[in-house]
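Note sheet for the following structure.
The values are calculated or read from the model by the stated rules, or taken from the named source; none is laboratory data. Just so we're clear, the structure is a prediction, and the values are computed from it rather than from any experiment. Don't worry about glycine lacking a Cβ; one is built from the backbone with ideal geometry, like all the others, and counts go over all protein chains shown.
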Amino acid sequence: MSVLRFLRNVALSLALAAAVAVLPGPAGAMQPVERGASSCLTPEAQGPAAAARGGSGGDTRPVSGSEQRAIDRQTRALLRQKGISAAKAATTGATVPVYIHKMLSASGAGDVTDAQIKAQLAELNQDFAGGENRRDADQTGFSFVLAGVDAYYNDSWHLDHSSSNYRKLTRLGGKDALNIWLVDFKYLGIATFPWDYAKAPGIDGIRVHWGSLPGGPIANYDEGKTATHEAGHWFGLFHTFQGGCTATNDEVSDTPAQASPTTGCPLGRDSCPDLPGLDPIHNYMDYSYDSCYDQFTPGQGDRMSTMWAAYRA
Ligand SMILES: [Ca+2]
Ligand SMILES: [Ca+2]
Ligand SMILES: [Zn+2]
């Protein structure tokens, strides 16, 4: 994280803490959220109506084109070491244990119900099974089972402060376990990548705004698909706009290239008019509204399987 970005986040965190302090209860703690860490903060971004998944900087650490190629070389080398062919790796599936950590304020703000957690797991299972678009969505071979739910009452952790620290202290399971920390921050979610697990296992997982769970209070992002998007990164997917209008872009051949993130659900958007296909606005790895999302592609399914075989199996 750049110093500038860090300072901006600190400033925002302080502003959020101040705002939360004067607003009562979980509903009052509702704050504007964005996917991307590098989005510019504008006055308009101060209300829930401005909620968006974020800017082009994204909700993961940035990965340059040259680093993408280095990751691919490393992935191929790991699979060779394990004696797994590329074809076999691409068919890997798994049942993923999920640990939900409710990072509540000292007074209990940011809580979600057991029914919401159950609905979130059902959403993940539906989305990774291609259940929202029987014609075009991939059955990825991944399913999810709830392994545990815990709650912490800590104002600092609730606002995602000291996140490296609290994640190391609370993370459960091995490299195959999806840890979901539910927090209150300016993002919808933030994720780590599988190829970073070995060097930072303690922080592996996804942080998700508690208000984005099914039935949550964030307009347009209240169907639990933020967790689906962030889990996509955790499995090794980039955004569909990674790399912009280039032939390689997100390294998935069946997602048309896209110049920039989508907001809302603009049918017919074509931000790379010189490259084939309309923008994949329905793809879980774009920034569209939850109601607009309905698919991972077969190519994305293959990439997630390949990354799983290399880094999480
Ligand atoms: Ca692509
Ligand atoms: Ca196009
Ligand atoms: Zn993302």
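List of remarks:
- Search result, residues across region 182-236 that are farther than 20 Å from Leu169 by Cβ and polar (S, T, N, Q): Ser212, Asn220, Thr226, Thr228
- Any hit, region 69-78, residues being assigned to a loop (DSSP other than H, G, I, E, B), under 13 Å from Met307 (Cα atoms) and not polar (S, T, N, Q): no
- Condition broken by Gln295, with the remaining ones in (1) within 21 Å of Asn133 (Cα to Cα); (2) crowded, with 24+ Cβ neighbours inside 10 Å; (3) polar (S, T, N, Q); (4) within 16 Å of ligand 1 (Cβ to nearest atom) satisfied: (2)
- Complete set of residues in region 251-297 that are of a type in the set (S, T, N, Q), more than 9 Å from ligand 2 (Cβ to nearest atom) and closer than 21 Å to Gly189 by Cβ: Thr255, Ser260, Thr262, Thr263, Asn283, Ser288, Ser291, Gln295, Thr297
- Flag for Gly243 being assigned to a helix (DSSP H, G or I) and within 14 Å of ligand 1 (Cβ to nearest atom): no
- Taken together, the residues in region 247-267 that are free of Cβ contacts under 8 Å to residues at least 60 places away in the same chain and near ligand 1 (Cβ under 10 Å from one of its atoms) amount to 10.
- Residue within region 196-213 that is at pLDDT below 95, in a loop (DSSP other than H, G, I, E, B) and touching a helix residue (DSSP H, G or I) at 6+ places or on another chain (Cβ under 7 Å) present: no
- Being buried (at least 17 other Cβ atoms within 10 Å of the Cβ) and either aliphatic (A, V, I, L, M) or closer than 27 Å to Glu67 by Cβ (or both) holds for only one residue in Thr170, Thr140, and it is Thr140.
- Subset of region 236-250 [more than 14 Å from ligand 2 (Cβ to nearest atom) and closer than 14 Å to Asn283 by Cβ]: Leu237, Phe238, His239, Gln242
- Residue tally, condition charged (D, E, K, R) and in contact with a strand residue (DSSP E or B) (Cβ under 9 Å, 6 or more places away or on another chain), over region 249-308: 1
- Single residue of region 257-289 satisfying the filter (of a type in the set (D, E, K, R) and surrounded by fewer than 23 Cβ atoms within 10 Å (Cβ to Cβ)) that is nearest to Arg73 (Cα to Cα): Asp274
Residue-wise test of (1) in contact (Cβ under 8 Å) with a residue 40 or more places away in the chain; (2) within 14 Å of Arg61 (Cα to Cα); (3) within 14 Å of ligand 3 (Cβ to nearest atom); (4) not hydroxyl-bearing (Ser, Thr, Tyr).
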site: Ala147; (1), (2), (3), (4): yes, no, no, yes
site: Gly174; (1), (2), (3), (4): no, no, no, yes
site: Gly189; (1), (2), (3), (4): yes, yes, yes, yes
site: Gly216; (1), (2), (3), (4): yes, no, no, yes
site: Gly244; (1), (2), (3), (4): no, no, no, yes
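- Counting only residues that are within 21 Å of Gly130 (Cβ to Cβ) and either assigned to a loop (DSSP other than H, G, I, E, B) or more than 15 Å from ligand 1 (Cβ to nearest atom) (or both), region 268-286 holds 9 of them.
- Check on Thr226, touching a residue at least 24 places away in the same chain (Cβ under 8 Å) and part of a loop (DSSP other than H, G, I, E, B): no
- Where a residue in region 113-131 is on the phi > 0 side of the Ramachandran plot and its partner, wherever it lies, is assigned to a loop (DSSP other than H, G, I, E, B), with Cβ under 8 Å and at least six apart: Gly130/Ala137; Gly130/Asp138; Gly130/Gln139; Gly130/Thr140; Gly130/Phe296
- Inside region 246-281, residues that are within 17 Å of Ser64 (Cβ to Cβ) and within 16 Å of ligand 3 (Cβ to nearest atom) make up a count of 3.
- Residue in region 222-237 that is within 18 Å of the chain's Cα centre (by Cα), within 14 Å of ligand 1 (Cβ to nearest atom) and buried (at least 24 other Cβ atoms within 10 Å of the Cβ) present: yes
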